Amino acid sequence: MIAARRLLIAAAPPTLAFAALLALWEGIVRFYGIAPYVLPAPSAIFATLVEERALLFSSAATTLLVALEALALATLCGAALALVMSQSKWLERTLTPYAVMLQVTPIIAIAPLLLVYLSPAQAVLVCAFLVAFFPILSNTALGLASVDHALLDLFDLYRASPWKRLIYLRAPAALPQFLAGLRIAGGLALIGAVAAELAAGSAGQGAGLAFRIVEAGFRLDVPRMFAALTLLSFMGVAIYGALSLLTHVALRRWHESARTRSG
Amino acid sequence: MTLQRQHSEAIQEPSTPPGSLRSARDDALVSFEKVGKSFGAATALRALDFDVYPGETLTLLGPSGCGKSTALRLLAGLAQPTSGEIRWNCAAAREKIGFVFQEATLLPWADVFANVYLPLRLAGVARRDAAPRVSEALELVGLAQFPRALPRELSGGMKMRCAIARALVMRPALLLMDEPFAALDEVTRWKLNDELLTLKARLGATIVFVTHSVLESAFLSTRVVVLAAKGGGIVDEIAVDPKLKRDADFRLSSEFMSVCRRASQALQRAMSGARP
């Protein structure tokens, strides 16, 4: 009861502010009679979302699915590589430059090249994977490297095998950093997928949301552009929210980042 | 009980062969022989000689950088000497070392039970089989009420108790403690000093205790070894009668005062750079 009330109080200001913003937008569009192909009112965007739901939502599902696949793949590979790199300084020094190079090269510039070698669907997946991979790798590596030295001594004292050292000490110690990386990677996977879809420009039944935006742009269907954009940002928020929830559930018992100070 | 038995075994069966030249030190549990340790260009210890005898509470007292913590790490096998030799006369003691660090160094994600269970878990003991031993260790340090508490929910003193329980759960023959109470307030420290002596009386383990507190060393020890600054070696060695009862009265006794005075004098010499 108290928790629900506290949540309500916490959620009220941002919700009210958002509603006010939409009302202002609606008001300005109506008052000045702005044409929908210049700036559609929120009501018009919502109407478009409802009318064209079949097309928009199936495209959204395509993009979301690719982003999630890429995220899963990046999590697996990023964490595994971080683990391998943490075992040997030599390997770390050898592999880090490539990881950094991949990260600093804008994905939108890599996408056309990938499209030469891969089908559009594959290229989109690889692009999303590439951008999501680095934050997981670097954060997990940082987490694995920042284990309390006294605890490492303790595990030395009891002659812990590398495997036990990993599961009882290093993996849980790296968890907060890993999850922070995962949260960043979640948003980036969506960005990577959208960037690749824009570059691929593939039409047809399985086209993603980004392609719908480009397509609507060509037709000057601005309400549909806004509708697709709204869906994209909701997807981004949903991914971030889900990963934040996961972080909270995993860390709330012990890690400072997931705790409120009064608790 | 088990521990005491181990100690008597240790005395009866020294690993050094009879007729050894070191006969005078054969009753030692472990001996440092001109042990030196350097980290690159920095020397932490120069040729340190001392013995640890079964059943004693030996305190290494000294200013910062005298190498007392390094000596303890060498004893634990967490580091290797760069010169000299550490000679173990009791292999069993070497295998059964408990270590209490300066900080409690608990696993922050694991509760008190899991933290104390850790050494047994690493040794491959199943949780079910370990439970009685973990409970026993928690009982010994007065944490039996809090097996489910997380480290962040514990006070500094309770965290340290948990760390001590973790060291005790393996029933160590040799308990090494590296300034374990340095971060605690005076009242808690005195309390834990008392408790440590009670534990010691019950378990009979040999303790090597590192501290920079003269009062603590005088209260706990049967022998205080004062080390010179910069790993220079032993400045003084003070024996404290093990038969003296270590209670509140002891802190006010003339014996306690005289140990404190002598240790303080030695510490002053140690800090002024005196060489043994």
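For the reader, a short list of remarks on this structure follows.
- Spatial separation of Cα centroids for the stretch B:170-236 and the stretch B:74-90, in angstrom: 20 Å
- Here's how it looks for B:L175: its modeled amide H is under 5 Å from those of B:G98, B:T206, B:I207, B:V208, which are all 5 or more places away or on a different chain.
- Each listed q (0.08, 0.13 Å⁻¹) maps to a log10 I(q)/I(0) for chain A, found by the Debye formula over equal Cα scatterers with no solvent: -0.45, -0.98.
- Under the span-like rule (Cα at least 20 Å along the axis, Kyte-Doolittle mean at least 0.0), DSSP H helices of chain A: A:2-32, A:53-87, A:89-104, A:120-145, A:171-200, A:222-251
- For the protein assembly as shown, the share of DSSP beta bridges that are antiparallel, to the nearest 5, is 50%.
- Within the stretch B:127-160, the trypsin sites (Lys or Arg not before Pro) that combine a DSSP coil assignment with at most 13 other C-beta atoms in a 10 angstrom radius are B:R148.
- Note: relative contact order over chain A, using C-alpha pairs below 8 Å and six or more positions apart, is 26 percent.
- When the helices of the protein assembly as shown are scored as -39500 (n - 2.57) per DSSP H run of n ≥ 4 and the total is divided over every residue, the value at 222 nm lands at -19500 deg cm²/dmol.
- Near-label residues of the stretch A:120-135 by backbone N, under 12 Å of a point 7 Å along Cα→Cβ of A:Y240: none
- Placing a pseudo-label 7 Å from each Cα along the Cα-to-Cβ vector at A:L102 and A:A72 gives an inter-label distance of 1.9 nm.
- The calculated FRET efficiency for A:A19 paired with A:D148, based on their beta-carbon distance and R0 = 56 Å, is about 0.75.
- Average projection area in nm² (convex hull over Cα atoms of the protein assembly as shown, one quarter of hull surface): 35.1 nm²
- For the stretch B:107-170, the relative contact order comes to 50 percent (Cα pairs under 8 Å, sequence separation of at least 6).
- Euclidean distance between Cα centres, the stretch A:108-139 to the stretch A:232-254, Å: 23 Å
- Rounded to whole Hz, the Karplus (6.51, -1.76, 1.60) HN-Hα couplings of the stretch B:238-255, x for glycine and proline: 10, 8, 10, 4, x, 7, 4, 7, 8, 9, 4, 5, 4, 5, 9, 6, 5, 4
- In the stretch A:129-188, trypsin sites (Lys or Arg not before Pro) in a DSSP loop with at most 13 other beta-carbon atoms within 10 Å: A:R159
- Loop-resident sites, the stretch A:8-72, for GluC sites (Glu not before Pro), counting at most 10 other Cβ within 10 Å (DSSP): none
- For the protein assembly as shown, lysine pairs with C-alpha atoms less than 22 angstrom apart, excluding pairs fewer than eight positions apart on the same chain, total 17.
- Solvent-free Debye calculation, one equal scatterer per alpha-carbon of the stretch A:97-210: log10 I(q)/I(0) at 0.13, 0.19 Å⁻¹ equals -0.61, -0.90.
- 10 Å binning of all Cα-Cα separations within the stretch B:107-170, expressed as whole percents from 0 upward: 26, 60, 14, 0
- Under 5 Å from the amide H of B:R223 lie the amide H atoms of B:T57, B:T59, B:V240, each residue being 5 or more positions distant or on a separate chain, with H modelled from the backbone and absent for Pro and chain starts.
- Under Karplus coefficients 6.51, -1.76 and 1.60, residue-wise ³J(HN,Hα) of the stretch B:159-168 in Hz, glycine/proline x: 4, 5, 4, 4, 5, 5, 4, 4, 6, 6
- Near B:G233, the amide H atoms lying under 5 Å from its own belong to B:R46, B:A228; only residues 5 or more places off or on other chains count, and H is placed 1.01 Å from N.
- Separation between Cα centres of the stretch B:24-66 and the stretch A:164-180, rounded to whole Å: 36 Å
- Rel. contact order, % - alpha carbon contacts under 8 angstrom, at least six apart, chain B: 25 percent
- Modelled label positions at A:E26 and A:A12, each set 7 Å beyond Cα in the direction of Cβ, lie 2.2 nm from each other.
- Ordered by the count of other Cβ atoms within 10 Å of each Cβ, fewest first, A:H149, A:H255 give A:H149, A:H255.
- Remark: spin-label model distance B:S64-A:A47 equals 7.4 nm, labels positioned 7 Å along the Cα→Cβ axis.
- The stretch B:187-200 - phi-based ³J(HN,Hα) in whole Hz, Karplus 6.51/-1.76/1.60, Gly and Pro as x: 5, 4, 5, 4, 4, 5, 4, 4, 5, 4, 5, 4, 4, 4
Bear in mind that the values in this text are calculations on the coordinates, not laboratory data. Given the structure is predicted, the values throughout are model-derived calculations rather than measurements. When we count neighbours, we look across all protein chains shown, and the Cβ atoms used for this are built from the backbone with ideal geometry, even at glycine.
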